[in-house]
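Scroll down for the structure; my scribbles are underneath it.
Each reported figure results from applying straightforward, stated rules to the coordinates on display, with no laboratory input. Computed from a predicted structure; not experimentally measured. Cβ coordinates were reconstructed from backbone atoms using ideal geometry, including for glycine residues, and neighbour counts include every protein chain displayed.
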Amino acid sequence: MNTLTPGGAPVGTPADHVTITPSILYFGTPVVLLSTENEDGSFNLAPMSSAWALGQVIVLGVGVEGQTAHNLRSRPELVINLPAPTQWSAVERLAPLTGRTPVPVNKQGTFRSERDKFAAAGLRPMPSTLVRPPRVADCPLQLEARAARVQPDVSGSFLIIEAQVLEVHADPRIVVPGSQHVDPALWSPLIYNFRHYYGLGPELGHSFRSQTPR
């Protein structure tokens with residue numbers, strides 16, 4: 001008997017594919033909130049969904065015209081905050097906001113300027129220990145980091161940022177007791193799937209390299 005994918009298609013059977021041209025390629029990536037320092041010493045908070053980990057480095061992709069890109073070019077400290085799925089509405093409150101004044105041309109008509117993004121999202125800042133930008137107190141995982149390399153992508157529309165993680169803060173409720181490990185049964189990232197928000201489904205299995213097997 002064939003099993004079915006979440007979309008209803010049989011798994012393991014040949015299928016015809018159609019050629020499509022999607023407007024975006026966010027095919028299920030984690031959402032993070034980046035806190036950075038503005039030129040005047042205040043702080044910006046921005047949502048983004050182009051982030052992945054390579055060891056202790058987080059690779060980020062941000063729009064070249066945004067306040068985050070502007071900040072990280074000259075002030076490399078940041079915090080990579082990971083919200084839980086239940087916090088998607090706070091992320092969405094941030095989505096139409098920009099820290100730039102005036103609003104960049106490519107964002108006009110869609111975005112509006114907002115100075116205090118923490119308040120606009122209903123999120124609480126808390127002091128970091130190694131960097132100047134604050135952490136988001138409400139997020140279960142917070143990664144203090146420093147941008148070690150900032151460079152344009154091949155299109156010139158984005159910056160690729162390689163951020164070295166300096167310290168990780170975790171809600172103790174998602175940590176395996178007596179260990180340094182996040183419990184994957186208790187933690188789920190917020191996933192951005194073709195502009196819709198999701199959490200993870202039930203566990204399917206674990207890697208042979210897992211240090212928290214069941």
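Once each of the chymotrypsin sites (Phe, Trp or Tyr not before Pro) sitting in a DSSP loop with at most 13 other beta-carbon atoms within 10 Å is removed, the chain keeps 1-193 as its longest stretch. Dipole magnitude for the range 164-214: about 140 debye, using +1 per Lys or Arg Cβ and -1 per Asp or Glu Cβ, origin at the Cα centre.
Normalised Debye scattering of the range 65-104 at q = 0.21, 0.22 Å⁻¹ gives log10 I(q)/I(0) of -0.83, -0.87, counting only Cα atoms as equal scatterers and leaving out solvent. In summary, the convex hull built on the alpha carbon positions of the range 92-214 has an orientation-averaged projected area of 10.9 nm².
Mind checking the dipole of the range 77-150: about its Cα centre, +1 per Lys or Arg Cβ, -1 per Asp or Glu Cβ, Debye to the nearest 20? Present the calculation step by step, with values, prior to reporting the outcome.
Numbers: 11 positive and 6 negative charges, 47 e Å.
So the magnitude is around 220 debye.
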